[in-house]
1. Which of the residues spanning the range 39-95 are loosely packed, with under 15 Cβ neighbours inside 10 Å and under 22 Å from residue 20 (Cα atoms)?
2. For the list (1) under 16 Å from residue 102 (Cβ atoms); (2) surrounded by 13 or more Cβ atoms within 10 Å (Cβ to Cβ); (3) in contact with a helix residue (DSSP H, G or I) (Cβ under 8 Å, 6 or more places away or on another chain), I need the number of the one condition that residue 148 fails.
3. Looking at the range 170-199 only, could you name the residues that are out of contact with any helix residue (DSSP H, G or I) (no Cβ under 9 Å at 6 or more places or on another chain) and either crowded, with 16+ Cβ neighbours inside 10 Å or within 17 Å of residue 158 (Cβ to Cβ) (or both)?
4. Exactly one of these conditions fails for residue 58: (1) within 27 Å of residue 115 (Cα to Cα); (2) out of contact with any strand residue (DSSP E or B) (no Cβ under 6 Å at 6 or more places or on another chain); (3) modelled with pLDDT under 95. Give me its number.
5. Any residue in the range 4-25 that's at positive phi and assigned to a loop (DSSP other than H, G, I, E, B): show its pairings with residues that are modelled with pLDDT of 75 or more and surrounded by 15 or more Cβ atoms within 10 Å (Cβ to Cβ) at Cβ separation under 6 Å, as long as the two are six or more apart or on different chains.
6. Among the residues that make up the range 200-213, is at least one of them touching a helix residue (DSSP H, G or I) at 6+ places or on another chain (Cβ under 9 Å), closer than 24 Å to residue 79 by Cβ, modelled with pLDDT of 95 or more and not in a helix (DSSP H, G or I)?
7. Any residue in the range 146-155 that is over 25 Å from residue 188 (Cα atoms) and touching a residue at least 60 places away in the same chain (Cβ under 8 Å)?
8. Of all residues in the range 1-19, how many are closer than 22 Å to residue 69 by Cα and surrounded by 15 or more Cβ atoms within 10 Å (Cβ to Cβ)?
């Protein structure tokens, strides 16, 4: 409920707005083996044990199915559930237009941090990303283009989203709406914030003490 409230506020929905309308299913298992069997049987996915604890399956017709298993840490499980469910929320919001991985994962980790403050996973990821970036001074070359960002980049993605929302919630809503309405994320970023990807990288870099950070 808190996730719906915060994402609804971020995207401009009135309180109590229901974006799901019977289109979301959450399948939670007690064991990893049951989760992996579900993925194999219903999605023909053969996953390596230990790689995922949850996945959001977002279908073109707007249906969302989240599968996950509990694990040993209830705080992390709560954060995971919010993270994966938020992918479904964003998928169903406004249209089913593709959302770049860095935006999708960044928002998911950001909202999980707000909804489940007892889990420090997002903050840990942000710190680890900062340490990596201070060594390389680059987001990796494919951060903005990647179909799926790398694990270490999750912290950079959530910190960048956090920075954008802090700068202006209204501009962020305009940015995200533009993507969902069919603009490229680059054009939507320029329209909403007047920034290029390079300038956004530098703004994020300045916030963590790396003013010349490059994409």
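1. Residues of the range 39-95 loosely packed, with under 15 Cβ neighbours inside 10 Å: 40-51, 59-61, 72-75, 94-95.
Result: 42, 43, 59, 60, 61, 94, 95.
2. All conditions are met except number (2).
3. 190, the sole residue that qualifies.
4. All conditions pass for residue 58, except number (2).
5. Filtered contacts from the range 4-25: 12/173.
6. The answer is yes; a qualifying residue exists.
7. No, that holds for no residue.
8. Step one: filter the range 1-19 for residues closer than 22 Å to residue 69 by Cα, giving 1-4.
Filter once more, so that each one left must be surrounded by 15 or more Cβ atoms within 10 Å (Cβ to Cβ): 3-4.
Counting residues in the range 1-19 that are closer than 22 Å to residue 69 by Cα and surrounded by 15 or more Cβ atoms within 10 Å (Cβ to Cβ) gives 2.
The values are calculated or read from the model by the stated rules, or taken from the named source; none is laboratory data. From a predicted model like this one, the values you see are computed outputs, not experimental measurements. Glycine also receives a Cβ, built like all others from the backbone with ideal geometry; neighbour counts cover every protein chain displayed.
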